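The values are calculated or read from the model by the stated rules, or taken from the named source; none is laboratory data. As the structure is a prediction and not an experimental result, all values here were calculated from the model. Cβ placement follows ideal geometry from the backbone for every residue including glycine, while neighbour counts extend to all protein chains displayed.
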Amino acid sequence: MKLVLADPETGKTYQKELDKNQEKVLYGVKIGDKIKGDSIGLVGYEMIITGGSDKDGFPMRPDLHGTSRKRILLSKGPGFHPKRKGERRRKTIRGNTIAEDIVQVNAKVVKKGSKSLDALMGKEEEKKE
């Protein structure tokens, strides 16, 4: 599973590949829930889940409960971007709960830790070289 972490203060995003043990911590967590970063290697950080997508690319949607895929009538995103005013379309989307089928989780930093994200993600060494 890939974690895409956004830092609203700097405007940067970071990608982190999670191993199986770190993935299991996120199972059952819903969009909008706060999680502590200690369990996934980001000591002192707190983040909020903002979305994600499953193994086939279907986006997660906060107003659809559960982990299953459904075809629902949409008038706006995520999952649908209307081309005309008033357009609605039936699209397949994923529920708001993280399960084994999810391959990407999007999150936003709410509380910072003592170390910077650049240091924790290993980006500072790349800049120095």
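Evaluated against (1) in contact with an Asp or Glu (Cβ under 8 Å, 6 or more places away or on another chain); (2) without any contact (Cβ under 8 Å) to a residue 12 or more places away in the chain, Phe80 falls short on exactly one condition, (1). Scanning the stretch 71-83 for residues that are outside any strand (DSSP E or B) and either in contact with a strand residue (DSSP E or B) (Cβ under 7 Å, 6 or more places away or on another chain) or buried (at least 18 other Cβ atoms within 10 Å of the Cβ) (or both) returns Pro78, Gly79, Phe80.
How many residues does the stretch 1-17 contain that are in a loop (DSSP other than H, G, I, E, B) and either surrounded by fewer than 16 Cβ atoms within 10 Å (Cβ to Cβ) or free of Cβ contacts under 8 Å to residues at least 24 places away in the same chain (or both)? Within the stretch 1-17, residues that are in a loop (DSSP other than H, G, I, E, B) and either surrounded by fewer than 16 Cβ atoms within 10 Å (Cβ to Cβ) or free of Cβ contacts under 8 Å to residues at least 24 places away in the same chain (or both) number 4. Scanning the stretch 28-50 for residues that are surrounded by 19 or more Cβ atoms within 10 Å (Cβ to Cβ) and part of a loop (DSSP other than H, G, I, E, B) yields Ile31, Leu42, Tyr45. Against the test of being under 13 Å from Ile102 (Cβ atoms), among the polar types (S, T, N, Q) and exposed (fewer than 15 other Cβ atoms within 10 Å of the Cβ), the options Ser53, Ser68 yield a single qualifying residue, Ser68. Going by what's in this entry, would Gly86 be described as modelled with pLDDT of 90 or more, under 19 Å from Thr13 (Cα atoms) and not in a helix (DSSP H, G or I)? Here the answer is no, as Gly86 does not meet what is asked.
Just wondering, is there one or more residues in the stretch 90-99 that are over 25 Å from Asp118 (Cβ atoms), in contact with an Asp or Glu (Cβ under 6 Å, 6 or more places away or on another chain) and part of a strand (DSSP E or B)?
First pass over the stretch 90-99, keeping only residues over 25 Å from Asp118 (Cβ atoms): 90-99.
Checking the rest, the ones that are also in contact with an Asp or Glu (Cβ under 6 Å, 6 or more places away or on another chain) come to 94.
Applying the additional criterion that residues be part of a strand (DSSP E or B) yields 94.
Yes - at least one qualifying residue is present in the stretch 90-99.
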